[in-house]
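The values are calculated or read from the model by the stated rules, or taken from the named source; none is laboratory data. In this text, all values refer to a predicted model and were calculated from it rather than measured experimentally. FYI the Cβ positions are ideal-geometry reconstructions off the backbone, even for glycines, and counts take in every protein chain you see. Areas reflect the complete protein model, heavy atoms only, side chains present, ligands, DNA and RNA absent. Shrake-Rupley method; radii C 1.70, N 1.55, O 1.52, S 1.80 Å.
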Amino acid sequence: MAGIRLTNLIKRFGKVEAVKNVNLEVEDGEFTVLVGPSGCGKSTTLRMIAGLEDITEGEIYIGDRLVNDLAPKDRDIAMVFQEYALYPHMNVYNNMAFGLRMRGFTRDEIAQRVREAADILGLDDLLQRKPRELSGGQRQRVALGRAIVRKPVVFLFDEPLSNLDAKLRVHMRAELIKLYNRLKTTIVYVTHDQVEAMTMGTKIVIMKDGEIHQVGNPMEVFKRPVNQFVASFIGSPAMNFFESMIMTDGEGLIVDAGCFKVRIPASMEAVYRPHVGREVIFGIRPTDIYGPEVVKEEQENLSAIDAHVEVVEPLGSEILLLVKCCNSSFLAMVDPEVEVKTGQLLRLNFNMAKMHLFEKEAPQRRLDL
């Protein structure tokens, strides 16, 4: 196994800079997920690590080796693509064995490696089938098996689950996590799906416009996004945002969003007092807005407002509401026992201990950094 180090990595396509001065350390045995919207540079970065794209500037190290000028076959990596790219005329065994044959492995070594990979992936009963006889999930497992038999120091995954239906994606996510826990090999995984990133990665790298905005473990990124973009991208449903101002009212600090005012907890006043009178972006997740039910352990941090219910979406374990206060519409997640109807005026409680305040102007960093 080996780690990966990217130093001042730049990729230009003509005058377009697709990857801008990326610096990243992937530790040995780490599951790192590159996540961001389409066109953010994550797949281009992965392809440069694999050697499938030339580097404009910068350096890539796999382990202690500088690999800038090494061909993909010499980098000791294995890559799984969005498309399965299986040979249709070969059975599962030969699809998995083909790369080893090209590298001169003996028949016994090939058989041993294919059997080991088939056992890990549950493909033992499918080795004689052709790809056309397999389901989408089975084909993806064959593509994984073809990578596993190589026993590379690094696995690279480029949106490998995006062609699967929702239920199968959930199943394959679990399979990939189990595979990682078993192999403990360095993995770099690219996806645009923040749920995949949160559930699979030990480290998340959030990218936008060719730049890295934040690197951290999933809960760190979720709880303390460094700017408004990260806050809006990570989390489902997405965070609510309001143009606001930090004010005083004689009792302490408040966030004045125009259509409502909510109180900053006394324990957090010292952090935000220097910003009194400043225009900010106030963010709060729908899961941190409660209905009329009292949450005793969080009661001292709650600040209540009234809003009209526009849309009710029962989800079973909770109810997602689209509500409106003056001209501001936002989402709230309430207890399924709460009786709520469209058009109703509802008392909502903001858990201000979990609020986020960001600069109004770019780069829209959070104020408490």
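The table below gives the values:
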{"quantity": "Cα-based shape type of the stretch 62-111, given that a ≥ b ≥ c are square roots of the gyration tensor eigenvalues and the cut on a/c is 1.5", "calculated": "oblate"}
{"quantity": "The stretch 115-123 - phi-based ³J(HN,Hα) in whole Hz, Karplus 6.51/-1.76/1.60, Gly and Pro as x", "calculated": "5, 4, 5, 5, 5, 4, 9, x, 10"}
{"quantity": "F241, F13, ranked by accessible area, largest first (probe 1.4 Å)", "calculated": "F13, F241"}
{"quantity": "List Y272, Y84, ordered by accessible area with a 1.4 Å probe, largest first", "calculated": "Y84, Y272"}
{"quantity": "The stretch 248-363, relative contact order in percent, only Cα pairs under 8 angstrom and at least six apart counted", "calculated": "33 percent"}
{"quantity": "Low-density loop positions, trypsin sites (Lys or Arg not before Pro), the stretch 32-112 - DSSP coil, at most 11 other Cβ in 10 Å", "calculated": "R103"}
{"quantity": "The stretch 316-365 - convex hull of alpha carbons, volume per residue in Å³", "calculated": "128 Å³"}
{"quantity": "Cα-centre dipole for the chain with unit charges at Cβ (Lys and Arg positive, Asp and Glu negative), debye to 20", "calculated": "1380 debye"}
{"quantity": "Kirkwood hydrodynamic radius of the stretch 1-154, Cα pairs, Å", "calculated": "17.0 Å"}
{"quantity": "Sum of side-chain charges, Q82 neighbourhood, beta-carbon under 10 Å (Lys, Arg +1; Asp, Glu -1)", "calculated": "-3"}
{"quantity": "In Hz, Karplus ³J(HN,Hα) per residue of the stretch 47-58 (6.51, -1.76, 1.60; θ = phi - 60°; x = Gly, Pro)", "calculated": "5, 5, 4, 6, x, 8, 10, 5, 8, 6, 8, x"}
{"quantity": "Nearest-ten-degree value, helix 136-148 long axis tilted from longest Cα axis of the chain", "calculated": "60 degrees"}
{"quantity": "Sparsely packed GluC sites (Glu not before Pro) within the stretch 185-286, loop by DSSP, other Cβ within 10 Å at most 15", "calculated": "E251"}
{"quantity": "Amide H within-cut-off set for S329, under 5 Å, with H built and near neighbours excluded", "calculated": "none"}
{"quantity": "Aspartates and glutamates with Cα under 12 Å of K354, excluding same-chain neighbours fewer than 8 positions away", "calculated": "D288, E298"}
{"quantity": "Cleavage-rule hits, trypsin sites (Lys or Arg not before Pro), the stretch 179-282, DSSP coil, Cβ neighbours within 10 Å at most 13", "calculated": "K184"}
{"quantity": "Cα-centred dipole magnitude for the stretch 1-92, charges only on beta-carbon of K, R (+1) and D, E (-1), debye, nearest 20", "calculated": "380 debye"}
{"quantity": "Highest-MSF residue in the chain out of R285, R132, R224 [GNM, Cα springs under 10 Å]", "calculated": "R132"}
{"quantity": "Helix axis angle, 166-183 relative to the chain longest principal axis, alpha carbon, degrees", "calculated": "60 degrees"}
{"quantity": "Lysine pairs meeting the criterion (Cα under 25 Å, 8 or more apart or interchain), as found in the stretch 2-152", "calculated": "9"}
{"quantity": "For the stretch 9-64 and the stretch 67-89, distance of Cα centres in Å", "calculated": "16 Å"}
{"quantity": "The stretch 129-204 versus the stretch 272-288: alpha-carbon centroid distance in Å", "calculated": "39 Å"}
{"quantity": "Å³ per residue enclosed by the Cα convex hull of the stretch 85-139", "calculated": "78 Å³"}
{"quantity": "The stretch 85-179 - charge dipole about Cα centre, Lys and Arg +1 at Cβ, Asp and Glu -1, debye rounded to 20", "calculated": "160 debye"}
{"quantity": "Accessible area of H192 in the full protein assembly, 1.4 Å probe (Å², nearest 10)", "calculated": "90 Å²"}
{"quantity": "Which of A353, G39, A147, positive extreme of dipole for the chain (C-beta unit charges)", "calculated": "A147"}
{"quantity": "Kirkwood Rh in Å, taken over the stretch 155-308 so that all alpha-carbon pairs contribute", "calculated": "18.4 Å"}
{"quantity": "Average accessible area per residue (Å²) across the chain - probe 1.4 Å, nucleic acids and ligands excluded", "calculated": "48 Å²"}
